[in-house]
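Worksheet: the structure to be examined is printed underneath.
The values are calculated or read from the model by the stated rules, or taken from the named source; none is laboratory data. From a predicted model like this one, the values you see are computed outputs, not experimental measurements. As a convention, Cβ positions derive from the backbone with ideal geometry for all residues, glycine included, and neighbour counts pool all protein chains shown.
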Amino acid sequence: MRKRVLFAAVLCSLLAAPAAWAQEEAKAAGDEAKAESKGEAEGAAPAPAKPGAALPKLRIVWDCGECEHNDKVPPLIEAAYAAEAQKHSAQVSGEDAAEVAIVDMRQRPPGVRVMFGIMAGRDRLKLRIRYRGHEYEANETSSNIIQGLNSLSASVGRQAYQQLAGAGSP
């Protein structure tokens, strides 16, 4: 009888732990979003590009050493960048280009991500952006069980837009 009660208690605590972790992660994401919006209100974030402004296209290369390359990542980054530019009435230039290097990437296998969630670690993606003598960084991590590398790629694509739109591009 004692073993069954102990087993039930341990099982309940294990089942409740992922929910608690998800709540903590959601709270942390909310705090981060509040900090970002506060920074935008104070003028810390770069201003969106002027309507009709031309932003550089992204020339993406892998520079992460032995990390596993995923060929779908560069097109996802470019698509998110172009969508964000279009959302702000800016255009991506055909000639002018920013040099973008994927300097870090880790992708959890989808099955492991869904089965083990945060216990499987985090997906991460980091870019180094060089344009007109300046260097910028865009990075994102996630331990979400639903969203994987597609979400990270879209996020860093939007961050690249924010970085380059505030760079004073023509």
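Close contacts from region 60-89, counting a first residue that is not assigned by TED's automatic domain parsing to the domain that holds ARG108 and a second that is surrounded by 19 or more Cβ atoms within 10 Å (Cβ to Cβ), with Cβ to Cβ under 8 Å and a gap of 6+ residues or different chains, come to none at all. For ALA44, the criteria (1) at pLDDT 95 or above; (2) hydrophobic (A, V, I, L, M, F, W, C); (3) in a loop (DSSP other than H, G, I, E, B) hold in every case but one, which is (1). In region 132-159, the residues that are under 14 Å from LYS72 (Cβ atoms) form Cβ pairs under 7 Å with partners that are of a type in the set (Val, Ile, Thr) and surrounded by 20 or more Cβ atoms within 10 Å (Cβ to Cβ), at six or more places apart or across chains, as follows: LEU149/VAL73; SER153/VAL73; SER153/ILE77; VAL156/ILE77; GLY157/ILE77.
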